[in-house]
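**Student:** For reference, the structure I am asking about is given below.
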Amino acid sequence: MDITFTEDQERYRAGIRTWLAQNLPANWTEADHWPQVDEDAEQAFLIDWERRLYAAGYSGIAWPKAYGGQGLGPVEDYIVNEEIGLAEAPESLNTIGRELVAPILLSVGTEEQKLRYIPKILQMDDIWCQGFSEPNAGSDLAAIKTRAERRGDVWVANGQKIWTSYAHMANHCILLAKTDTGARAHRGMTLFIVPMDTPGIEVRGIRHLGGQRHFNEVFFTDVEIRDEMRIGEVNAGWQVAVGVLGFERATTRLYRQGRFMQELRSLHHEAQRSGKLTASLEERMGAVAAELQLLKYQNLKFLGRIMSGSQIGDESSLLKLSWSQIHQKIAHLGLEVLGADLDEDSAFAGRFRKIYLTARGETIYAGSSQIQRNIIAERVLGLPRPERKPA
Amino acid sequence: MNLQHSSEQDMLRDSLAAAFARSDAKGADWGPVLAAQGALALLTPEDLGGLGLGMVDATVAAVEAGRACLDYPLADTMLMAGALAVASPDMADELAEGRLTIVAPSSGRFGLTADRLVGTVKVSHPELADWLAAPVGDDRVALVRPADLEIKRNVTVDPAISTATIRVDMNMNLVPTHSVELVEEKLALLRCADLLGAAEFCFETGIQYIKDRRQFGQPIGANQALKHMAADCFVELENCRVAIDYAAAILDQAANSPAARVLAQEAVSVALCCAPLAARRIAEEAIQFHGGIGVTWEYPLNRYLRRILRVSQSMGRIGDHQRRLLCQVVQSTGWQDDKTKQARSA
Ligand SMILES: Cc1cc2nc3c(=O)[nH]c(=O)nc-3n(C[C@H](O)[C@H](O)[C@H](O)COP(=O)(O)OP(=O)(O)OC[C@H]3O[C@@H](n4cnc5c(N)ncnc54)[C@H](O)[C@@H]3O)c2cc1C
């Protein structure tokens, strides 16, 4: 058991910390979370920010140098993400590219695909969206209806995706489509790379509960996809996506713990300032602080396992289940501290209105809390699947 | 960075589990049995005949004691043996052989004014105790003989283990314990580890039961209502585990610096916020999983639930731990640190 970082790792942490301190915009305060919704300005700022992070060597940390990464390890990746969270630096616009597409390509992509797409994710030349969910296939992704039929060297895709985050700003989509309609459950699906300017793609915006555009419907009508844009084997799309996701779930959301801790600190500060800090509120904030520390320890434990070469599997559902629920508790505390000031035109009120509303989706996407519990119960604890319909 | 037990620690766990399963010892007879396993000398320095191990190993042993519902104060004796071997080498031999049993207060505290020791504490296992070792002040331990003191037996919630209230008002010889930094935190953490062991037993018993028991033509564990309770218990159990491991690891480093000492106290607070509630919930859900059999006197869950109540009782108000942790977390330097702010505006 060793819970320390090496001197080199601590030096690396000091480096990113200093860089963040010097490079975040001078007026970037914890409360400065886009109180006014100007989505174009926000997008331009975020792209510029991520380019600067990359230019300084602080993205693609654990990806190979051959594809533009830094060639460092998971510990450095953890450190950078934790510091970004603690600094409450902007979150990425390209989470689909970073957390889903690049890891999938690194694990099963062809050499050409890796060389072509991964550097562009880092340079923010490509922004990705994820076309998995459909109107009748959300938790039950095996029920997708979007089909890709092979015609010689091209595949022709038809169908509708929904809840596609970032599709309105993305220039590429990772598409999950049925390629063998006869196959059972998860066995007949394939992943494709689809440029969003391909003829036959139509994007219609959906406004999120939080007010932003955020997600979309994406319609595919006779969209032609060259076979070289296929990711991994035909009909193995699900296995590829799930294999990568277990690992990613364990590693990519590490930064959230630090960010959430800062939210809690800011809540505490505001409650104190406004004279609303009762003993009971302190206890409930303390309970959340404990859960945040536990999340950090769990992150470190998973990190240690990755370092020692262990396979990370379904048990990483624990992390998704925990962070999404903890964030909703913080949001509830925010409502409580705001109380009658919920409609104040202040940075604090604006921030926690947004946190509360956005956090409602966090127990739904990337596998809802119910689905995470099913995974833990059935695949980690080995509880049986139902043999009959419920009485 | 590594938060997994070593293979030696796994072996320690397995050999203790085997010893607990093999022996039908009761009460004080456990002393020599545990001594033969080396369990009582885990924290005693090697040059004084002990194993010279740390808190991670000690929590491994305490988890097994909880899991086996052990009716002997292993944690107290082990921790104090490590402390006292240095201060009172004359006791070391008897301690190493398991011929002395030490209890530490489960709650309450003695105060030291001038040369008098005054106060009231509660203890478990009063009848086994050759010594009562009570932390007073910073990293010091007062050593008194319960036989000389006013002892009032309590109505214990845990019928396997008696409890008592001990009052003192006496002149005493204080035993300084240079070797036990953070003795109260260590004691608290070992109690958390006992809870974890008891919770592990309840969890595993409950999961096995819902796999085996059939109603409506299928295992009851196929029902999602029970699955989701089980998944939540799993998360709580894993959280308890990692909280204890993390705190134990940092306690082992705490002697190295004042900063590590603060972090160790914070980590122990996290364990205290987590373990009592998690253990109780896991035991309660395991009982719910069992239906009627779960609420019988004979079924083992009864003993474990009562153990969890007894051990938790000693750990102070959860709300106080939560408030202390909040304070620690809010104060610890994060981004809001002034120096960093200066760097940012520079
Ligand atoms: C903010 C946000 C962004 C998203 N971005 C994307 C994206 O970029 N790309 C993409 O492909 N998808 C995206 N999604 C879609 C997301 O993955 C789905 O919403 C999710 O998988 C749930 O599917 P659903 O909405 O169809 O709900 P359903 O699957 O219909 O679920 C409805 C409710 O039933 C519960 N439920 C369903 N099945 C079970 C079961 N077996 N046991 C117990 N309870 C069950 C669920 O937990 C939920 O509470 C996003 C969603 C949100 C909220």
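The values are calculated or read from the model by the stated rules, or taken from the named source; none is laboratory data. All values reported here derive from a predicted model rather than from experimental measurement. Glycine gets a Cβ as well: all are built from the backbone with ideal geometry, and neighbour counts include every protein chain shown. For the accessible areas, the whole protein counts, side chains as well, though only heavy atoms, and no ligand, DNA or RNA atoms are used. Shrake-Rupley method; radii C 1.70, N 1.55, O 1.52, S 1.80 Å.
**Student:** Using a 1.4 Å probe and counting only protein heavy atoms, how much accessible surface gets buried when B and A come together, both sides summed, in Å² to the nearest 100?
**Tutor:** Buried area between the two chains comes out at roughly 5300 Å².
**Student:** May I pose another question? Lys/Arg Cβ at +1, Asp/Glu Cβ at -1, dipole of chain A taken about the Cα centre: which of A:Ala236, A:Ile330, A:Ile201 is farthest positive-ward?
**Tutor:** A:Ala236
**Student:** Still on this structure: Consider a paramagnetic label point 7 Å from the Cα of B:Ala225 along Cα→Cβ; state which residues of the stretch B:257-300 have an amide N under 14 Å from it.
**Tutor:** B:288-292
**Student:** Over the Cα atoms of the stretch A:128-235, Rg to Rh with Kirkwood Rh, two decimal places?
**Tutor:** 0.96
**Student:** Give, rounded to the nearest 20 debye, the magnitude of the charge dipole that the stretch B:166-304 has about its Cα centre when Lys and Arg contribute +1 at Cβ and Asp and Glu contribute -1 at Cβ.
**Tutor:** Result for the stretch B:166-304 is approximately 380 debye, rounded to the nearest 20.
**Student:** Rank these residues by their accessible area, most exposed first, probe 1.4 Å: B:Arg167, B:Arg281, A:Arg13.
**Tutor:** B:Arg167, B:Arg281, A:Arg13
**Student:** Then there is this: Which Cα, out of A:Trp155, B:Val270, A:Ile312, lies furthest along the positive dipole direction of the protein assembly as shown (beta carbon charges, K/R +1, D/E -1)?
**Tutor:** A:Trp155
**Student:** Could you work out the helix-only [θ] at 222 nm for chain A, with each DSSP H run of four or more residues adding -39,500 (n - 2.57) and the total divided by the number of residues, to the nearest 500 deg cm²/dmol? Kindly include the intermediate steps, with their values, before the conclusion.
**Tutor:** Numbers: 11 runs with 171 residues, N = 391.
Calculated from helices alone, the mean residue ellipticity at 222 nm is -14500 deg cm²/dmol.
**Student:** Please label the shape of the stretch A:253-380 as rounded, prolate or oblate, based on the square roots a ≥ b ≥ c of the eigenvalues of the alpha-carbon gyration tensor (a/c under 1.5 means rounded; beyond that, a/b larger than b/c means prolate, else oblate).
**Tutor:** prolate
**Student:** Any idea how far apart A:Gln9 and A:Asp125 come out in nm if each label point goes 7 Å out from Cα toward Cβ?
**Tutor:** Inter-label distance under the simple model: 3.5 nm.
**Student:** Net charge near B:Val144, counting Lys/Arg +1 and Asp/Glu -1 over other residues with Cβ under 15 Å of its Cβ?
**Tutor:** Its environment carries a net charge of 0.
**Student:** If you don't mind, another one. With unit charges on the beta carbons (Lys and Arg positive, Asp and Glu negative) and the dipole taken about the Cα centre of the protein assembly as shown, which residue among B:Thr44, A:Tyr117, B:Ala87 sits farthest to the positive side?
**Tutor:** With unit charges placed on the Cβ atoms, the residue in question is A:Tyr117.
**Student:** Any idea how many Lys pairs in chain A come in under 23 angstrom at the alpha carbon, given 8 or more places apart or on separate chains?
**Tutor:** Close lysine pairs found across chain A: 13.
**Student:** So, in nm, how far is label A:Ala347 from label A:Gln370 when the simple model puts each one 7 Å beyond its Cα toward the Cβ?
**Tutor:** Going from the A:Ala347 label point to the A:Gln370 one covers 4.0 nm.
**Student:** Turning to a different aspect of this structure: When a/c reaches 1.5 or more, the comparison of a/b and b/c decides; with that in mind, is the stretch A:179-251 rounded, prolate or oblate per its Cα gyration tensor? Kindly include the intermediate steps, with their values, before the conclusion.
**Tutor:** Working: a/c = 2.00, a/b = 1.23, b/c = 1.63.
Note, shape of the stretch A:179-251 comes out oblate.
**Student:** Where in the stretch A:352-383 does accessible area fall by at least 30 Å² between the isolated chain and the complete protein assembly, at a 1.4 Å probe radius?
**Tutor:** Going by heavy-atom accessible area, the residues of the stretch A:352-383 that drop by at least 30 Å² are A:Arg373, A:Asn374, A:Ile376, A:Leu381, A:Leu383.
**Student:** Compare A:Glu7, A:Glu228 by solvent-accessible area with a 1.4 Å probe and give them largest first, with all protein chains kept in place.
**Tutor:** Accessible-area ranking of A:Glu7, A:Glu228, largest first: A:Glu7, A:Glu228.
**Student:** A:Asp2 accessible area, nearest 10 Å², 1.4 Å probe?
**Tutor:** Answer for A:Asp2: close to 60 Å² accessible.
**Student:** Sticking with this one: How long are the three semi-axes of the equivalent ellipsoid for chain B, computed from the Cα gyration tensor as the root of 5 times each eigenvalue, in whole Å, largest first?
**Tutor:** On the way: eigenvalues 211, 157, 78 Å².
For chain B, the semi-axes come out at 32, 28, 20 Å.
**Student:** Which value at 222 nm does chain B reach when only helices count, each DSSP H run of 4 or more adding -39,500 (n - 2.57), with the total divided by all residues and rounded to the nearest 500 deg cm²/dmol?
**Tutor:** That calculation yields -18000 deg cm²/dmol at 222 nm.
**Student:** If you place +1 on the Cβ of every Lys and Arg and -1 on the Cβ of every Asp and Glu, how big does the dipole about the Cα centre of the stretch A:54-145 come out, in debye to the nearest 20?
**Tutor:** The calculated dipole for the stretch A:54-145 is roughly 360 debye.
**Student:** Quick one: angle between helix A:74-86 and the longest Cα principal axis of chain A, in degrees between 0 and 90, rounded to 10, please.
**Tutor:** With both axes taken from Cα atoms, the answer is about 50 degrees.
**Student:** Averaging over all projection directions, find the projected area of the Cα convex hull of chain A and quote it in nm² with one decimal place.
**Tutor:** Working: hull surface 87.3 nm².
Average of the hull's projected areas for chain A equals 21.8 nm².
**Student:** Give the shape of the stretch B:84-159 as rounded, prolate or oblate, defined through the alpha-carbon gyration tensor: a ≥ b ≥ c are the square roots of its eigenvalues, a/c under 1.5 means rounded, and otherwise the shape is prolate if a/b is larger than b/c and oblate if not.
**Tutor:** Details: a/c = 2.00, a/b = 1.10, b/c = 1.82.
Since a/c reaches 1.5 but b/c is at least a/b, the shape of the stretch B:84-159 is classed as oblate.
**Student:** Then there's this: For the stretch B:4-9, in order, what is each residue's ³J(HN,Hα) by Karplus, 6.51 cos²θ - 1.76 cosθ + 1.60 with θ = phi - 60°, in whole Hz (x at glycine and Pro)?
**Tutor:** Couplings: 10, 5, 6, 5, 5, 5 Hz.
**Student:** Something else: For q = 0.14, 0.17 Å⁻¹, what log10 I(q)/I(0) does the stretch B:1-82 give under the Debye formula with an equal point scatterer on each alpha carbon and no solvent?
**Tutor:** The Debye formula, applied to the Cα set alone, gives -0.42, -0.62.
**Student:** Name the residues of the stretch B:255-297 whose accessible area, probed at 1.4 Å, falls by at least 40 Å² once all protein chains are in place instead of their chain on its own?
**Tutor:** Listed by number, the residues meeting the 40 Å² cut-off are B:Val270.
**Student:** To the nearest 10 square angstrom, how much accessible area does B:Asp93 have with a 1.4 angstrom probe?
**Tutor:** 100
**Student:** Compute the FRET efficiency between B:Lys152 and B:Ala21 as 1/(1 + (r/R0)^6), taking r as their Cβ-Cβ distance and R0 = 41 Å, and round to the nearest 0.05.
**Tutor:** On the way: r = 35 Å, r/R0 = 0.86.
The calculated FRET efficiency here is 0.70.
**Student:** Quick check: net charge around A:Gly60, other residues with Cβ under 10 Å of its Cβ, Lys/Arg +1 and Asp/Glu -1?
**Tutor:** Around A:Gly60, the surrounding residues sum to +1.
**Student:** Bin by bin, in steps of 5 Å, what percent of the Cα pairs in the stretch B:7-179 do you find, going until the bin that has the longest distance?
**Tutor:** 1, 9, 18, 21, 20, 16, 10, 4, 1, 0
**Student:** With a Cα-only, solvent-free Debye model of the protein assembly as shown, what are the log10 I(q)/I(0) values at q = 0.06, 0.08, 0.10 Å⁻¹?
**Tutor:** -0.42, -0.73, -1.07
**Student:** So, with a 1.4 angstrom probe, what is the percent of accessible area on the protein assembly as shown that is carbon and sulfur?
**Tutor:** Carbon and sulfur together cover 50 percent of it.
**Student:** With all protein chains present, calculate the accessible area of A:Phe215 using a 1.4 Å probe and round the result to the nearest 10 Å².
**Tutor:** Taking all protein chains as shown, A:Phe215 has close to 40 Å².
**Student:** Does anything in the stretch A:316-359 have its amide N under 11 Å from the 7 Å Cα→Cβ label point of A:Arg273, and if so which residues?
**Tutor:** The answer is A:346-349.
**Student:** While we're here: Assigning unit charges at the beta carbon (Lys, Arg +1; Asp, Glu -1) and nothing else, what dipole magnitude in debye, to the nearest 20, does chain B show about its Cα centre?
**Tutor:** Details: 33 positive and 43 negative charges, 279 e Å.
Approximately 1340 debye in magnitude.
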